[in-house]
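Trainee: The structure follows.
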2 protein chains.
Amino acid sequence: MPSSVLNNDHYEKDRVALMGRHREFDVEKVLDAALCVFWRKGYEGASYSDLTEAAGVERPALYSAFGNKEALFRRALDRYYERYLDFIPKSLELPTARAVAAHILYSAAELHTRHSHHTGCLGINGVLAGSDEAEPVRQALIEARAGGEAQLRERLERAKAEGDLPETAKPEALAAFVMAVSHGMAVQAKAGFSRDMLEAVAEQALSAWPAGSSTTSG
Amino acid sequence: MPSSVLNNDHYEKDRVALMGRHREFDVEKVLDAALCVFWRKGYEGASYSDLTEAAGVERPALYSAFGNKEALFRRALDRYYERYLDFIPKSLELPTARAVAAHILYSAAELHTRHSHHTGCLGINGVLAGSDEAEPVRQALIEARAGGEAQLRERLERAKAEGDLPETAKPEALAAFVMAVSHGMAVQAKAGFSRDMLEAVAEQALSAWPAGSSTTSG
DNA sequence: CCGTTTCCATAACGAGCATTACGATAACGC
DNA sequence: GCGTTATCGTAATGCTCGTTATGGAAACGG
């Protein structure tokens, strides 16, 4: 849920200008290009030259449209959650906790290997480590990550209340576990793992899923 | 197994000089300081100023002792595997596959939260993403990571042959799963997770461990 | 005690970084 | 069509990066 931590100062510039010369490039397409560069190289690893080259737009155009590098990254991160990590909120609507976990893990396996030129997860690649100047960005990624995990935990608490998970189940630990496996797969995808291999990891992770009172096993 | 991919050009300089002025700093201590900086900031996130400040040594001294930043990082990575990731080869000597996996996961949970100022795993933090110039370092980390996983896979293949894992077990997938959970915990440690939380993740990961023919459950 | 060798510290190197003046250009309201 | 306004491309800003040239200081061999 990164939008809550975003600096919105430059969002207003997306409106169509009523006067003066019109913007000649498509902001959405530029954002997509930036997203790919950040996905591949992380926040600090992506230079403005990388970004302008990928976007096909000169440097001042990017600044006028998004503010600065950090704001551009936050826009890209928002877009990433909306357009690529949308399987998380969708999965939460599935009927059983196990189905939720399975959908998250298999979707992650697919996403992390979908594009050969930017594997893994933008949120993980972004800034696990970096210079001190990138600390605000790192915090934004941490908060976004925590938001997704919190949603999953709440869903699993509901499942426990519904008898879909046993009384002994610990929703917080289960949610952390699912996210840990997902993050681990993101790292492995960066190391070149195939989708099949990641799906085998997901399968193993699911093989221990606790059964609810009304669940039929098999 | 990073030593196989290391550039050894500067190792020889560690010998005590027989002539000329003696080195005034302790190479081991400088290496430890560099290791901590890289652990915290990653490869590209750590600047030479960071390194010299942490080591208490001037820039040319680091260059004369280690060559350049990449060589220094590789030395630090070697040291990391020797002094911090030694629980992996040690765990492989445990009697059962489950004990191996448990030891790896709980050791990882401890290591990733041991130092509050550099959490997670140096191998993961190092360079998941970064500029193109860091590609050789990224490859070195990928190879080192793969080496550890390969060792675990071989150990699990042995366990399968010994009946310690069922015939249906897939050692490659199991090894990837254990490493994925470990990597995921490293990411979560970077996000501020406590050791207790990571141990809960490890426990969940182990709850599905396949039983061998001679294993008594419970 | 001199010559050689090696290390130390200061300070500089060129390159790349994120960011921005600047003047020209284009689209609107009136 | 003229003034206003916003974007355009070019080129420069100051800063930090990794790396190294330079000269003095220290430890050895003979």
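Trainee: Hey, how much of the P(r) for segment B:84-206 falls beyond 19 Å, as a percent of Cα pairs? Walk me through the intermediate numbers first.
Mentor: Details: 3663 of 7503 pairs.
Tail of the P(r) past 19 Å holds 49 percent of the pairs.
Trainee: Now, a different point. Given R₀ = 30 Å, what would the calculated FRET efficiency be for A:Asp86 paired with A:Ala161, taking r from the Cβ atoms and rounding to 0.05?
Mentor: Numbers: r = 26 Å, r/R0 = 0.86.
So, using R0 = 30 Å, E works out to roughly 0.70.
Trainee: Okay, moving on. Keeping all protein chains in the complex and leaving out DNA, RNA and ligands, what accessible area do you get for B:Ser49 with a 1.4 Å probe, in Å² to the nearest 10?
Mentor: Surface open to solvent at B:Ser49 totals about 60 Å².
Trainee: Based on the Cα gyration tensor of the protein assembly as shown, what are the three equivalent ellipsoid semi-axes, each the root of five times an eigenvalue, rounded to whole Å and given largest first?
Mentor: Numbers: eigenvalues 252, 230, 57 Å².
Ellipsoid semi-axes (Å, largest first): 35, 34, 17.
Trainee: DSSP loop (so not H, G, I, E, B), at most 11 other Cβ within 10 Å: list which GluC sites (Glu not before Pro) in segment B:41-108 pass both filters.
Mentor: Working: sites: B:Glu44, B:Glu53, B:Glu58, B:Glu70, B:Glu82, B:Glu93; in loops: B:Glu58, B:Glu93.
Those satisfying the criteria are B:Glu58, B:Glu93.
Trainee: OK, next. Can you tell me the relative contact order of chain B? Whole percent, Cα pairs under 8 Å, sequence separation 6 or more. Please list the in-between numbers first.
Mentor: Values: 244 pairs, mean separation 52.1, N = 218.
The value is 24 percent.
Trainee: Given springs between every Cα pair under 10 Å in a Gaussian network model of chain B, which of B:His183, B:His117, B:His22 has the largest fluctuation?
Mentor: Of B:His183, B:His117, B:His22, the Gaussian network model singles out B:His22 as fluctuating most.
Trainee: Here's a follow-up. Per residue of segment A:188-203, in order, report the coupling 6.51 cos²θ - 1.76 cosθ + 1.60 (Karplus, θ = phi - 60°) as ³J(HN,Hα) in whole Hz, putting x for Gly and Pro.
Mentor: 5, 4, 5, 8, x, 4, 7, 4, 4, 5, 5, 5, 5, 5, 4, 4
Trainee: Quick check: Cα centre of segment B:59-88 to Cα centre of segment A:112-146, how many Å?
Mentor: Value for the Cα centre distance between the two parts: 25 Å.
Trainee: Give the average over all directions of the projected area of the C-alpha convex hull of chain A, one decimal, in nm². Mind showing how you got there, number by number?
Mentor: Values: hull surface 53.8 nm².
Taking a quarter of the hull surface, the average projection is 13.5 nm².
Trainee: How high is the FRET efficiency between A:His115 and A:Glu154 when r is their beta carbon distance and R₀ equals 25 Å, given to the nearest 0.05?
Mentor: Working: r = 31 Å, r/R0 = 1.22.
In this case the efficiency is close to 0.25.
Trainee: While we're looking at this one, here's another question. What percentages, rounded to whole numbers, describe P(r) for segment B:25-83 computed over all alpha carbon pairs with 5 Å bin width beginning at zero?
Mentor: Distribution as computed: 4, 21, 38, 27, 9, 1 percent.
Trainee: Separate question: Using a 7 Å offset from Cα along the direction of the beta-carbon, what are the separations from A:Gly192 to the same position in each other copy, nm, ascending?
Mentor: Result, one decimal in nm: 3.7.
Trainee: If you don't mind, there's one more thing I want to ask. Sorted by accessible area with a 1.4 angstrom probe, largest first, how do A:Asp78, B:Asp86, A:Asp196, B:Asp26 fall?
Mentor: Details: A:Asp78 15, B:Asp86 45, A:Asp196 115, B:Asp26 70 Å².
Putting A:Asp78, B:Asp86, A:Asp196, B:Asp26 in descending order of accessible area: A:Asp196, B:Asp26, B:Asp86, A:Asp78.
Trainee: At 1.4 Å probe size, with no ligands or nucleic acids counted, give the accessible surface of B:Arg40 in Å², nearest ten.
Mentor: 110 Å²
Trainee: Taking 0.36 nm per intervening residue step and subtracting the Cα-Cα distance, what contour gain separates A:Phe25 from A:Ser64 on full extension? Walk me through the numbers on the way to the answer.
Mentor: Values: separation 39, 0.36 × 39 = 14.04 nm, distance 1.21 nm.
Value of the extension gain: 12.8 nm.
Trainee: Under 16 Å from a point 7 Å along the Cα-to-Cβ line of A:Asp32: which residues of segment A:58-98 have their amide N that close?
Mentor: Taking a point 7 Å out along Cα→Cβ of A:Asp32, the residues of segment A:58-98 whose backbone N falls under 16 Å are A:76-77, A:79-85.
Trainee: Next question. So the label point sits 7 Å from Cα along the Cα-to-Cβ vector; using that for B:Asp26, what distances do you get to the other copies, in nanometres, sorted shortest first?
Mentor: 6.1
Trainee: With all protein chains present, calculate the accessible area of A:Cys121 using a 1.4 Å probe and round the result to the nearest 10 Å².
Mentor: 20 Å²
Trainee: Distance in whole Å from the B-onto-A rotation axis to the closest C-beta of chain B, together with the residue it belongs to, please.
Mentor: Looking at chain B's Cβ atoms against the axis toward A, the nearest is B:Ala208, 1.
Trainee: At B:Asp196 and A:Glu53, where each label point lies 7 Å from the Cα along Cα→Cβ, what is the point-to-point distance in nanometres?
Mentor: In this crude label model, B:Asp196 to A:Glu53 measures out at 5.0 nm.
Trainee: For A:Glu133, place a label point 7 Å out from Cα along the Cα→Cβ vector, do the same in each other copy, and report the separations in nm, one decimal, smallest first.
Mentor: Ordered by distance, the counterparts are at 1.3 nm.
Trainee: Further question on the same structure: Reachable lysines from A:Lys29, Cα under 22 Å, same-chain residues fewer than 8 places away excluded?
Mentor: A:Lys13, A:Lys41, A:Lys69
The values are calculated or read from the model by the stated rules, or taken from the named source; none is laboratory data. What you see is a predicted model; the values in this text were computed from it and never measured. Neighbour counts run over all protein chains shown; Cβ positions are idealised from the backbone, glycine included. With ligands, DNA and RNA removed, areas are computed over all heavy atoms of the protein, side chains included. Shrake-Rupley method; radii C 1.70, N 1.55, O 1.52, S 1.80 Å.
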